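Participant: Sharing a structure with you now.
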Amino acid sequence: MASGYGWGGGRSRCFAYWQEFSKCYAQADHPQECRAPADDYVECLHHTKEAARAKAIQDEFIRQAQAKAKEDRKAADVLSDGVIVGVGLIQRGGDGK
């Protein structure tokens, strides 16, 4: 990948990140200064942060869907027991409710 050539013979998608990293590394006094370009290059190659974010979004979507299904089951259980559910159009009692 660091050669700069992709599968089709042209530049690879991560070549620009590699150039940034190699430029930084060549000019740096301490290699730790180039941690950000190195992280960008590795992310471009492997997409680890992107995959983790997609998994977190998927997990949250599933969690919300399960919570909604649980809430819907509770409402269905109340209705299946034959309980009369009011819609709140008629006020009962003297307390104003």
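Participant: Can you tell which of ARG35, ARG53, ARG92 is modelled with pLDDT under 95 and of a type in the set (Lys, Arg)?
Facilitator: None of the other options fit; the residue is ARG92.
Participant: Hey, another quick one. How many residues does the stretch 6-27 hold that are out of contact with any strand residue (DSSP E or B) (no Cβ under 9 Å at 6 or more places or on another chain) and surrounded by 13 or more Cβ atoms within 10 Å (Cβ to Cβ)?
Facilitator: Residues in the stretch 6-27 being out of contact with any strand residue (DSSP E or B) (no Cβ under 9 Å at 6 or more places or on another chain) and surrounded by 13 or more Cβ atoms within 10 Å (Cβ to Cβ): 11 in total.
The values are calculated or read from the model by the stated rules, or taken from the named source; none is laboratory data. Computed from a predicted model, the values in this text were never measured in an experiment. Every residue, glycine among them, receives a Cβ derived from its backbone with ideal geometry; neighbour counts consider all protein chains shown.
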